[in-house]
Structures are given as C-alpha cells and as structure tokens.
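The values are calculated or read from the model by the stated rules, or taken from the named source; none is laboratory data. This is a predicted model, so every value here is computed, not measured. FYI the Cβ positions are ideal-geometry reconstructions off the backbone, even for glycines, and counts take in every protein chain you see. These accessible areas exclude ligands, DNA and RNA; they are computed on the full protein's heavy atoms, side chains included. Shrake-Rupley method; radii C 1.70, N 1.55, O 1.52, S 1.80 Å.
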Amino acid sequence: VQLQASGGGWVQAGGSLRLSCAPSGIVVSMYNMAWYRQTPGKQRELVAIETSGGSSNYADSVKGRFVISRDNARNTVNLHMNSLNPEDTAVYYCFAGGRGAVYWGQGTLVTVSS
C-alpha cells in the first residue's frame, strides 16, 4: 500500500493550496482518511479527518479554513486549504486507518510566507 501525496508548495499568506492523496492498494471509501502535519521539533498533529462513515473533524486552528474531501470515483482524498498563514507551514502527511491497519504517505511540504 502506498499513499502518494501531492500539491504542496510555496504560497503567500492569505493564499490557498489543495493537497491530494492518491492511495494505491486500498479503497479510500473503506478507510478513515486524514491529514496530519509536522514542523521541526514538534509532534505530528491531526489537521483533518474524514471517517469511512463520512463524518469529518478538524483541528481548531484550521476550522473554517480547511476542508477535507473524499473523491471515491478517483479514489483520492483532498485537503483544500484557504486563508493560509505562516503558522500553517509544515510537512503534511496523508493517513489511512482502518481494517486493523494504518498507512502513512511520504509527506508534502507546504510553506506559507508572510
């Protein structure tokens, strides 16, 4: 199983980015799918999660700005990030959990400049 994350990059504060996670070997509709992020010296933190049942939850710091969405037809999970600020700078990781297993993507760097 591989989770291929893409869409990271550099953006100015106030801008938007969309991250995409394209797993191979699993079907996203059958898993809890999430995005985490990590900055140097800090623990990896949950940004957004959508359960296999369709419920979603967000870190307080991104509520109202980020949206996680699942495209079952394309077997992908996206993270739409709006109103980005420098505190959102991090490596973002795609995560899949369920059916007794967890999988992590390789991470994609998001840099927000002030």
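Points worth noting:
- Residue within the stretch 80-94 that is assigned to a strand (DSSP E or B) and open to solvent by 50 Å² or more (accessible area, probe 1.4 Å) present: yes
- Qualifying positions in the stretch 22-45 - more than 18 Å from Thr111 (Cα to Cα) and either in contact (Cβ under 8 Å) with a residue 24 or more places away in the chain or surrounded by 15 or more Cβ atoms within 10 Å (Cβ to Cβ) (or both): Ala22, Pro23, Gly25, Ile26, Val27, Val28, Ser29, Met30, Tyr31, Asn32, Met33, Ala34
- Pair list, Cβ under 8 Å, 6 or more apart: the stretch 77-102 residue at pLDDT below 95, other residue in a strand (DSSP E or B) and open to solvent by 10 Å² or more (accessible area, probe 1.4 Å): Gly98/Asn32
- Every residue from the stretch 58-76 that is open to solvent by less than 40 Å² (accessible area, probe 1.4 Å), assigned to a loop (DSSP other than H, G, I, E, B) and either in contact with a helix residue (DSSP H, G or I) (Cβ under 8 Å, 6 or more places away or on another chain) or modelled with pLDDT under 95 (or both): Val62, Asn75
- Check on Gly64, within 17 Å of Ala22 (Cβ to Cβ) and among the small types (Gly, Ala, Ser): no
- One residue stands out in the stretch 95-114 among those that are among the hydroxyl-bearing types (Ser, Thr, Tyr) and over 16 Å from Thr51 (Cα atoms): the one that is surrounded by the most Cβ atoms within 10 Å (Cβ to Cβ), namely Thr108.
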